[in-house]
Amino acid sequence: MLAPEARTRRSHRSSALEVREASRRFGDKQALDGVSLRVAAGEIHALLGPNGAGKTTLLRSLSGLVDLDDGEVRILGERLPDIARRRARQLIGLVPSGDRSFYLRISGLENLMFFGRLHGLRRSAAVRRADECLRQVGLAEARRVRVGVYSHGMQTRLSVARALLMEPQVLLIDEATHDLDPDGARTVQELVAERARNGCAVIWTTQRIDEIRGFAETVTLLDRGVVRFSGTVPEFMAVSIPRAHLLQARIQRNNGSEPVSYMRSVIGPAGSIRPNGDSDGEHYLVSLREGVTIGEVISSLTAAGIEVLSCREERSGIEEAFHALVGGGER
């Protein structure tokens, strides 16, 4: 993960990727509408948005797979169309969503060797880099296994390995953790964080909204091709602070169950409490008034002899901001 001191230096870092007023239409659909963003060298920039927001179109435009109708993309200060195709492949690593571009009848190693040669590596260098990248993504033991028998998660990790082949300076990742279990997702995130520490600029597209906390440095939210927000993750979370925080609490049953009316009297003006769904005498929803902390309510319940076994937020601040920005704003 990026160190806090590195985050404070963002404004002083050189720009690795710049998008200016990017627009793209497919028939009657405006996929991108004046999108602008900047990613510094060594920065992980999260790209969020609901389905159909334009995230994949933007990443394909940044990698040169889709031409823009208007606007421009600059990689290390150079306009993307002016960069030679082979050099662009060396500068930009892409992990597409639902990647189906591998040759299923040959092994993972042979696939990476092929793409390494395609990108200009000599055979010995292609073999070495393929081995290194397969080891990094946890596929060393499956290196000679035919890709056609790889699981979806293994193919996703192979896609990440291919993106890392040329040690790119810009890394574009489109929902890489979608098909991965928690361990696999953590492995990919650690690899990406390591690349960022080495100066790589990263755009990380995800539907797992909460995974950007402590991982991404900045965030852009797209909705129907329009930028609804662009800034730091703390700024994003501060966009929507609900007046009443909603919590899920599990409370120790005492002589059958705790009367809700009694717990309401204990909490008093600090909030309200009600059974969560079908009442089993244990699970409750607690709504806190503005300015009241979770600890204050738990302390009041505990002092009254009510044991709180667990307590968690119903929705994270990142989710609150996401839904507030996507649900509001002019269309």
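Descriptive notes on the structure:
- Euclidean distance between Cα centres, the range 52-70 to the range 21-41, Å: 7 Å
- Size of charge dipole - the range 4-237 - debye, nearest 20, with Cβ of Lys, Arg +1 and Asp, Glu -1, no other charges: 900 debye
- R0 of 51 Å, Cβ-Cβ distance Asp28-Ile106: FRET efficiency to nearest 0.05: 0.80
- Rounded to the nearest 5, the antiparallel percentage of DSSP beta bridges internal to the range 4-237 is 55%.
- Site pair Arg135 and Arg264 shows an inter-label distance of 6.5 nm when each label is modelled 7 Å from Cα along Cα→Cβ.
- Of all stretches in the chain that contain no GluC sites (Glu not before Pro) in a DSSP loop with at most 11 other Cβ atoms within 10 Å, the longest one is 1-289.
- Near Glu110, once Lys and Arg are set to +1 and Asp and Glu to -1 for all other residues with Cβ below 10 Å from its Cβ, the sum equals +4.
- Here the sum of -39500 (n - 2.57) over DSSP H runs of 4 or more residues, divided by the residues of the chain, equals -9500 deg cm²/dmol at 222 nm, to the nearest 500.
- Which of Gly225, Gly98, Gln136, positive extreme of dipole for the range 4-237 (C-beta unit charges): Gln136
- Sites listed here are chymotrypsin sites (Phe, Trp or Tyr not before Pro) in the range 40-122 whose DSSP assignment is loop and whose Cβ has at most 14 other Cβ atoms within 10 Å: Tyr103.
- For the chain, taking Cα atoms only, Rg and Dmax work out to 23.9, 75 Å respectively.
- Cβ crowding within 10 Å, taken as a proxy for footprinting-reagent exposure, orders Cys133, Cys311, Cys200 from fewest neighbours to most as Cys311, Cys200, Cys133.
- Mean separation of Cα contacts under 8 Å, 6 or more apart, over the residue count of the chain: relative contact order %: 20 percent
Computed from the coordinates by the stated procedures, all read-outs in this text should not be read as laboratory data. Here the structure is a predicted model, which means the values were calculated and not measured. Don't worry about glycine lacking a Cβ; one is built from the backbone with ideal geometry, like all the others, and counts go over all protein chains shown.
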